[in-house]
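**Q** Please read through the structure below; I'll follow up with questions.
The values are calculated or read from the model by the stated rules, or taken from the named source; none is laboratory data. All values derive from a computational prediction rather than experimental measurement. As a convention, Cβ positions derive from the backbone with ideal geometry for all residues, glycine included, and neighbour counts pool all protein chains shown.
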Amino acid sequence: MVRCILCGFLCTLALFFTLRGLWATDNGEISFFADQTEVFFRDGSIVKRYDGNVTVAYKNMTLTAGKAVYYETEKKVELVGNVCVRDTSKTIEADSITYLVEEKKVIANGHVLIQRKGQWLSSDRAVYLKAGNQIIASGGVQLIDPTEQITVTGGQAEYDLETKAAVITDHPKLLKAETKRGKNLIVTARQLEFHSEDKKVIASQDVHISRERMNAICGKMIYLQAEERLILQNTPEVIGLRSGAAEEILKGDTIEIAIKDGQVNEVIVIGKATGKTVGVDGGEVSEVSGQKVSLQFKDEELQRITVQGNATSIYRFFRAEDSEREINEVSGDTVQFFFREGELYRVLVTGGAMGIYSSSSKF
């Protein structure tokens, strides 16, 4: 008799939960909807299993999946099968998701894809901390901004949803695609910061930059997307801007690289600026130094070099077969070099101009 009464009570309880689909939490009610529902007890706690077209609703968050299990004591929901979470302006898709209701935490595993305002974040695993408005992703992280044609990859990323900034670590890499010219910009560093609101990327520590024949290294780089400008700081060096030179190096306190319509338009070296070019055969060496060195390009062909502030230019020529040597040195407040079709055709020195020329040959 007691057994029959107990069985009847359990059946009534199961039916009640099946029809209602509502569970109370400390912060409100969580609703469940599914094709099939099963209620059972485990270690004195109520567990509820849902199968088929599962929908879980809690405040402004909605979760859908093929299957779900709710643990009453832990206030935890486990979802599998085409899982999708929708919360205000973002969606999270994954193979499986665990939702900790009281902690306001979503843990996504397997083929994670997060979409938010035109940006995509994919990874092997991600944790969404609703209370802290933060996403922490790990394993095969890829952040894509299709509008700016920027892709950032790495091993781990922390995304602040309030400031709209992501910090990517563990071998991060930035790829800025330039479809018009096909000259992609690639940046690697120990850490990359992607600020989507300010349209800015900051690379820190062991920064390496490459773009076609140009390479650069520095301790810190700021990429201003709207201006298409790279600012290199902390002992920057730019190598190989032009073709036809065996070696070309620019150094200074700060180097700025301006890109327009997919092409390098201007390079500015500020503070203890130096430039050195070695000819292909090694016999020609040109060096410039000053407080500021500017290089202007058109269609990525050098048009003008302007050296300002205690400007100095030294040209050395050496021909091994006849031991001919030539040194040409000029200095002034400003020294300008003008190029046509890659060849120097004019030099203009202004302000305290001085020049020294010497040559020697052995017959």
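**Q** Output the residues belonging to the range 57-75 that are out of contact with any Asp or Glu (no Cβ under 9 Å at 6 or more places or on another chain) and either free of Cβ contacts under 8 Å to residues at least 12 places away in the same chain or closer than 15 Å to Val39 by Cα (or both).
**A** Result: Glu72, single match.
**Q** Residues that are buried (at least 19 other Cβ atoms within 10 Å of the Cβ), among the aliphatic types (A, V, I, L, M) and modelled with pLDDT under 90: does the range 32-41 have at least one?
**A** So far as the range 32-41 goes, no, none of its residues is buried (at least 19 other Cβ atoms within 10 Å of the Cβ), among the aliphatic types (A, V, I, L, M) and modelled with pLDDT under 90.
**Q** Of the residues Glu300, Glu284, which single one is at positive phi and surrounded by 17 or more Cβ atoms within 10 Å (Cβ to Cβ)?
**A** Step by step, each of Glu300, Glu284 is checked, and only Glu300 is at positive phi and surrounded by 17 or more Cβ atoms within 10 Å (Cβ to Cβ).
**Q** Name every residue in the range 332-347 that is within 14 Å of Val288 (Cβ to Cβ) and at pLDDT below 90, in order of residue number.
**A** Phe339, Leu344, Val347
**Q** Now, a different point. Out of curiosity, is Gly275 over 24 Å from the mean Cα position of the chain (by Cα), modelled with pLDDT of 85 or more, assigned to a strand (DSSP E or B) and crowded, with 18+ Cβ neighbours inside 10 Å?
**A** When the stated conditions are applied, Gly275 passes them.
**Q** Additional query: Testing Thr64 on (1) closer than 21 Å to Ser31 by Cβ; (2) part of a strand (DSSP E or B); (3) out of contact with any Cys (no Cβ under 6 Å at 6 or more places or on another chain), one condition comes back false. Which one is that?
**A** Only one criterion is unmet by Thr64, namely (3).
**Q** Show me the strands (runs of 3 or more DSSP E) found entirely inside the range 158-262 where at least 1 residues are modelled with pLDDT of 90 or more, polar (S, T, N, Q) and in contact with a strand residue (DSSP E or B) (Cβ under 9 Å, 6 or more places away or on another chain). So that I can check it myself, show each step before the final result.
**A** Working: elements: 165-169, 173-176, 185-188, 191-195, 200-211, 214-224, 229-233, 237-239, 245-251, 254-260.
The qualifying strands (runs of 3 or more DSSP E) are 165-169, 185-188, 191-195, 200-211, 214-224, 229-233, 254-260.
Per-residue answers, yes or no, for (1) of a type outside the set (A, V, I, L, M); (2) at pLDDT below 95; (3) more than 25 Å from Lys200 (Cα to Cα):
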| position | (1), (2), (3) |
| --- | --- |
| Ser96 | yes, no, yes |
| Glu103 | yes, yes, yes |
| Ala108 | no, no, yes |
| Trp120 | yes, yes, no |
| Ala126 | no, no, no |
| Ala131 | no, yes, yes |
| Gly139 | yes, no, no |
| Glu148 | yes, yes, no |
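**Q** Hey, another quick one. For the range 137-157, name all the residues that are of a type outside the set (S, T, N, Q) and part of a strand (DSSP E or B). If you could, list the steps in order and put the result at the bottom.
**A** So in the range 137-157, the residues of a type outside the set (S, T, N, Q) come out as 137, 139-141, 143-146, 148, 150, 152, 154-155, 157.
Selection gives Ala137, Gly139, Gly140, Val141, Leu143, Ile144, Asp145, Ile150, Val152, Gly154, Gly155, Ala157.
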